Amino acid sequence: MLSLLWLIPLLPLAGFLSIVLGGGRMRGSMVALIAVGVVGLSAAMAAAVAIRFIYLPPAGNSFTQTLWTWIPATGFMPEISLRLDALSLVMVTVITFVAFLILLYSAEFMGGDEGYARFFAWMDLFVASMLVLVLADNFLLLYLGWEGVGMCSFLLIGFWYRDSANARAARKAFIVTRIGDAAFVVALFLIFTHLGTLTIQEAAARASREWPVGSGLAVAAAALMLAAAVGKSAQLPLQTWLPDAMAGPTPVSALIHAATMVTAGVYLIARANAFFTLAPFVQWLVAVIGAVTLLLAAFAALVQCDIKRVLAYSTMSQVGYMFLALGVGAWSAAIFHFMVHAFFKSLLFLGAGAVIMALHEEHDIFAMGGLRRALPGTFWAFLIGAASLAALPVVTAGFYSKDLILLCDWTSKSGSVWLWAAGLAGAFLTAMYAFRLVFIVFFGELRTKPGRKPGFRMGAALAVLAFFSLSAGFIQIPPDIVNFSPLSELLETSLPRLSAVSVGTQTEALLQAVAGLAGLAGIFFAWFFFRHPALVERLVLTPLGSAFRRLWLEGWCFDRAYDALFVRPYIRLAEINKDDCIDLLNRTLARACESMHYLLIGTQNGRVRQYAAAVTLGAIVIIALMVLL
């Protein structure tokens with residue numbers, strides 16, 4: 001079964017090629033059948049491989065499949081080679097399963113769109129690229145998948161490109177993430193130059209042998225990979241692209257911004273953990289960036305009016321938790337939260353899509369309200385997703401993954417009370433903005449009468465994701481409840497074990513209770529402010545409240561600062577430099593080509609006798625040259 005590993009990324013790629021080559025002649029139902037079917041088969045294959053891997057683990061708890069040598073050159077022979085271990089197994093299983101549900105939902109949601117075939121082609125290519133990224137055995141193949149998801153995100157964010165705002169959002173996402181991508185390329189050059197290989201495991205082993213802890217090379221390699229991860233995962237200071245990326249269709253937001261692209265940076269840091277272990281300062285910086293991002297994004301989510309922008313800032317905040325876990329060495333906890341987040345955030349985005357569709361493309365949450373009875377299925381699905389996001393104690397998956405991260409912040413030798421406090425404050429804010437959304441959208445008076453309601457395919461996807469948003473946390477239950485942690489045991493075969501200080505069961509239970517109370521307090525305050533809108537209005541009208549609202553509404557004004565510091569100066573320099581010698585040369589060449597064009601026009605006059613004379617004269621010249629030369 002493991003020998004069929006190559007089929008998992010190949011099936012979505014085959015779906016992309018089939019739609020691209022025949023999509024113009026296919027009916028919409030056939031396009032959807034191919035696009036959804038190939039990802040469904042990929043998910044089934046991933047499940048079969050996972051069962052085989054868990055119950056009959058390969059030697060060394062990893063399996064490598066080399067398909068062919070990619071670029072044979074002297075001293076450099078990277079291969080198209082796939083590696084399956086516990087980390088890539090979890091990533092592949094979650095990606096294929098969630099992508100299948102999102103595509104099933106999309107088959108109904110995107111019905112009637114003129115770009116139906118194009119949408120599914122890009123979605124299948126995106127899934128294939130992400131699978132290549134997480135299965136790659138070497139950094140070069142990983143980078144191919146890395147660039148593939150970047151290209152697909154550009155195409156999908158700007159899917160409705162006739163609206164210039166959507167095109168700008170796609171361009172912004174592409175440009176901002178390119179900063180991190182450029183850092184990744186430099187990291188690859190550094191690793192190959194000094195370690196002589198781009199195979200991930202071999203490079204990690206050589207780095208551990210040859211680079212002392214804290215050495216300049218180790219710090220440089222880790223810092224460059226951190227820059228790459230920050231760009232792809234929308235963390236400070238390269239987070240500005242994610243809220244604008246909501247311009248794409250809602251299923252795109254669910255796939256790219258919940259289960260795949262924004263977690264690529266998390267995967268990169270986890271996969272390259274040996275380099276970060278050799279650079280303790282950079283690893284500490286990972287935790288600090290995560291802590292700051294999760295707080296700033298949570299504050300911004302509190303005041304957003306667009307339902308998808310609330311969820312976009314929520315994604316930034318939750319990925320911040322993953323970075324926080326990675327930074328304190330809780331590698332398994334970060335991947336656990338990745339898995340749970342994929343379920344509940346996809347559920348929330350798809351639930352938001354159902355609301356937007358029912359309300360005739362309305363995004364403003366204050367134009368919604370009272371939808372609890374009008375859209376009961378969507379309400380319950382969204383409520384479950386919000387409860388898991390808010391880490392409602394005991395009954396939701398989000399509670400177990402977030403609690404584990406907070407516990408690791410407290411007990412890890414690399415953690416601190418400040419990092420734990422940041423995570424705890426983030427838990428309170430998360431619960432508050434999540435249920436602010438629930439109360440405003442689904443409770444109160446009905447402001448807009450729903451039209452089209454979700455059908456079977458959309459409802460089935462929501463129901464399955466709701467089930468896993470509740471139950472997925474039970475594969476990692478804390479010792480003070482039931483000592484059951486098969487996920488950590490599996491992941492620790494490929495990731496380092498957390499270096500932690502034992503604090504005892506009572507302390508763990510106390511920390512767990514505090515985390516649960518923080519989430520419940522956030523829900524209470526969301527309800528309180530919802531029931532007392534006049535109080536909220538008075539707070540917002542104060543000078544301080546108004547200032548903070550504007551600051552948070554604009555995402556802490558990062559866009560405005562970058563525009564002033566980088567965008568406008570660059571445009572100004574380009575305007576000043578528009579008449580330089582290079583432009584003069586290009587214009588000269590253009591005019592020369594234009595002149596030749598007008599000269600050649602004279603030869604195309606439609607007079608057959610002149611054509612025959614020209615052919616004869618040309619033949620005479622060619623024969624003469626052959627005879628004389």
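Structure summary
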quantity: Residue match in segment 315-331 (condition: among the small types (Gly, Ala, Ser), in contact with a strand residue (DSSP E or B) (Cβ under 7 Å, 6 or more places away or on another chain) and touching a residue at least 60 places away in the same chain (Cβ under 8 Å)); calculated: yes
quantity: Odd one out for Trp160 among (1) in contact (Cβ under 8 Å) with a residue 40 or more places away in the chain; (2) under 27 Å from Ser494 (Cα atoms); calculated: (2)
quantity: Candidate set from segment 367-412 (those that are of a type in the set (Val, Ile, Thr) and assigned to a helix (DSSP H, G or I)); member that is farthest from Pro496 (Cα to Cα); calculated: Thr378
quantity: Any hit, segment 97-118, residues being within 15 Å of the chain's Cα centre (by Cα) and within 14 Å of Gly15 (Cα to Cα); calculated: yes
quantity: Residue tally, condition within 18 Å of Ala136 (Cβ to Cβ), among the aliphatic types (A, V, I, L, M) and at pLDDT 90 or above, over segment 36-74; calculated: 3
quantity: Elements of type helices (runs of 4 or more DSSP H) contained in segment 522-587, each with 3 or more residues being under 17 Å from Leu302 (Cα atoms); calculated: 533-541, 543-553
quantity: Matching residues in segment 443-493 - criterion: being over 26 Å from the mean Cα position of the chain (by Cα), in a loop (DSSP other than H, G, I, E, B) and farther than 19 Å from Val355 by Cβ; calculated: Pro478, Pro479, Asp480, Ile481, Val482, Asn483, Ser485
quantity: Selection within segment 14-55 - aromatic (Phe, Trp, Tyr), closer than 18 Å to Ile102 by Cβ and free of Cβ contacts under 8 Å to residues at least 60 places away in the same chain; calculated: none
quantity: Residue check, Ser469 surrounded by 19 or more Cβ atoms within 10 Å (Cβ to Cβ), under 30 Å from Asn61 (Cα atoms) and out of contact with any strand residue (DSSP E or B) (no Cβ under 8 Å at 6 or more places or on another chain); calculated: yes
quantity: Subset of segment 426-449 (residues that are at negative phi, surrounded by fewer than 19 Cβ atoms within 10 Å (Cβ to Cβ) and not aromatic (Phe, Trp, Tyr)); calculated: Glu445, Leu446, Arg447, Thr448, Lys449
quantity: Residue tally, condition crowded, with 21+ Cβ neighbours inside 10 Å and of a type in the set (Ser, Thr, Tyr), over segment 146-165; calculated: 1
quantity: So Ala274, is it outside the structural domain of Leu419 (by TED's automatic domain parsing), aliphatic (A, V, I, L, M) and over 15 Å from the mean Cα position of the chain (by Cα); calculated: yes
quantity: Unique match (being under 34 Å from the mean Cα position of the chain (by Cα), surrounded by fewer than 14 Cβ atoms within 10 Å (Cβ to Cβ) and either of a type outside the set (Ser, Thr, Tyr) or modelled with pLDDT under 95 (or both)) among Leu544, Leu565; calculated: Leu565
quantity: Close pairs (6 angstrom Cβ cut-off, 6 or more residues apart or separate chains): assigned by TED's automatic domain parsing to the domain that holds Glu508 in segment 462-480, of a type in the set (Asp, Glu) anywhere; calculated: Asp480/Glu508
quantity: Among residues of segment 494-513, those that are part of a loop (DSSP other than H, G, I, E, B) and under 20 Å from Ala86 (Cβ atoms), counted; calculated: 6
quantity: Qualifying positions in segment 135-157 - in contact (Cβ under 8 Å) with a residue 60 or more places away in the chain and touching a Pro at 6+ places or on another chain (Cβ under 9 Å); calculated: Leu135, Asn138, Phe139, Leu140, Leu141, Leu156
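Yes/no matrix, rows are residues, columns are (1) closer than 14 Å to Thr177 by Cα; (2) of a type in the set (Val, Ile, Thr):
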| residue | (1), (2) |
| --- | --- |
| Ala229 | yes, no |
| Ala234 | yes, no |
| Leu242 | yes, no |
| Ile256 | yes, yes |
| Ala264 | yes, no |
| Leu268 | no, no |
| Phe276 | no, no |
| Cys305 | no, no |
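The values are calculated or read from the model by the stated rules, or taken from the named source; none is laboratory data. It should be emphasised that the depicted structure is a prediction, and the values quoted were computed from it without experimental measurement. FYI the Cβ positions are ideal-geometry reconstructions off the backbone, even for glycines, and counts take in every protein chain you see.
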